[in-house]
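Following: one structure in structure tokens, then a few remarks.
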């Protein structure tokens, strides 16, 4: 979108009520949404900035962070076709999974979207949130902010007050989308973006949705403050992937919350490779009998990166199942934090829940992993377990490989790929697996070879 016509308050650094009002007016939003934004802003102002004294932030120091350092809105030109997208985005699309629908957010605005004709004829909707509010308000109004409310935490409050762009996916009852749907968030300027993802999958529908984050690096810090709400109705299936590979100058905050209906299944994969600091909350609400959630996480931190994941398997109904596996590799002076909770509410009998976090440290540097798996069980007929391990790469294994002529970096690659195999083999998307393999090898510092990981 052309910068002409954008209110001056949105071009200046710092978040404010005036900026929130200007953004809502600029978007010509309905009055109920303006009121929602202002309520979120008041919640944001009322909540203190998290510090190391707060238990959920005990290991994540953001004392140098200030919302006033970022421009709240960064425009981008609209495009008429995929060929007009930035070349870097076109490359991401070409190297990614085949898709049946595509949406691209460039900085603060959604610049392009398409849905294959066959899906559109079946009633599948993929568009930016602002268009969805105008054209499908009845589908959006009751769901937006329902899972990530403005009072969730300070970052979620600002996300609700200042969101722009975003995406809305709606899959009608009984529709099976065989080819994945893809979303890209792309930044090429300093500033901030606050995209929201809203996915509504109706009864007995089936879809895969991939959210990917990437950017051009720079000297000045940029802010990504996101929220994801996933509604999966009775008997439906959703596979959701969040692939975060921002450049190193980005600070990334994201909250992903889902609600699974009766006999519904949600498979989530959260990948954290980029950003200087990445803080992600992932919460699965198992709200009806027979609901099922598989929660996978994969992260690789190097240099001085900080990667922080907080997860919740929230069992609200009986006879539900959840299985969490988060794995991370670390090197140099990086820090990884995992804090996971299985919570079984009273009456959620016959719960079946598992939680595992494993970390591997490469080299003998100062990389460090904090792992805090927990259980909170308020029912008496359940099956729950949790576990955690952290250890350095076995030098004996590396020596064995190197003694057969394999260079150390190549040997490390083989060990890391074996370590991550429990997760990557669960991903039934070849294009995504190859993209993950390339990113992992980039972290290790060697080129990608399909044959070496076949």
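Please treat every number below as a calculation from the coordinates, not as lab data. Quantities reported herein were computed from a predicted structural model and do not represent experimental measurements. Here the Cβ positions follow ideal geometry from the backbone for every residue, glycine too, while neighbour counts run over all protein chains shown.
Just to be sure I follow: if Rg is taken over the C-alpha atoms of the stretch 323-454 and Rh is the Kirkwood radius over the same atoms, what is Rg/Rh? Write out the running numbers ahead of the final one.
Values: Rg = 17.8 Å, Rh = 16.8 Å.
Ratio value, two decimals: 1.06.
What fraction of the DSSP beta bridges in the chain is antiparallel, stated in percent and rounded to the nearest 5? Let's see the in-between values first.
Working: 9 of 142 bridges.
Of all bridge pairs located within the chain, approximately 5 percent are antiparallel.
Taking the alpha-carbon set of the stretch 9-64, what are its Rg and Dmax in Å?
14.8, 41
Can you give the convex hull volume of the alpha carbon atoms of the chain per residue, in Å³?
Working: hull volume 64.6 nm³, N = 454.
Taking the convex hull of the Cα positions in the chain, it is 142 Å³ per residue.
By how many nm would the segment from residue 333 to residue 17 lengthen if fully extended, with 0.36 nm per residue of separation less the alpha-carbon distance?
109.9 nm
Once you sort the root eigenvalues of the Cα gyration tensor of the stretch 202-320 as a ≥ b ≥ c, which label holds: rounded (a/c under 1.5), prolate (a/b larger than b/c) or oblate (the other case)?
It comes out prolate by the Cα gyration axes.
For the stretch 270-379, what ratio Rg/Rh do Cα atoms give with a Kirkwood hydrodynamic radius?
Working: Rg = 15.4 Å, Rh = 14.4 Å.
That ratio is 1.06, to two decimals.
So for each of 265-275, 380-390 I average, over its residues, the number of other beta carbons within 10 Å; can you give me the resulting order with the highest mean first?
265-275, 380-390
Can you give the log10 of the normalised intensity I(q)/I(0) at q = 0.12, 0.19, 0.29 Å⁻¹, computed with Debye over equal Cα scatterers of the stretch 341-400?
-0.46, -0.72, -1.14
Using only Cα atoms, figure out Rg for the stretch 38-125 and give it as a multiple of 2.2 N^0.38 Å. Please report the intermediate quantities before stating the final value.
Details: Rg = 19.7 Å, N = 88, 2.2 N^0.38 = 12.1 Å.
After normalising by residue count via 2.2 N^0.38 Å, the value is 1.63.
Roughly how many whole Å is it from the C-alpha centroid of the stretch 41-82 to that of the stretch 145-214?
Centre-to-centre (Cα) distance: 18 Å.
Output the peptides 82-88, 211-217, 175-181, 253-259 sorted from most to least packed, where packing is the average of other Cβ atoms within 10 Å over each peptide's residues.
Result, highest mean Cβ count within 10 Å first: 253-259, 211-217, 175-181, 82-88.
When the helix-only estimate is applied to the chain (DSSP H runs of n ≥ 4, each -39,500 (n - 2.57), divided by the residue count), what is the mean residue ellipticity at 222 nm, nearest 500 deg cm²/dmol?
The helix contribution divided over the chain gives -6500 deg cm²/dmol.
What is the Cα convex hull volume of the stretch 395-454 when expressed per residue in Å³? If you can, show how the numbers build up before the last one.
On the way: hull volume 4.8 nm³, N = 60.
For the stretch 395-454, the hull spanned by Cα atoms encloses 80 Å³ per residue.
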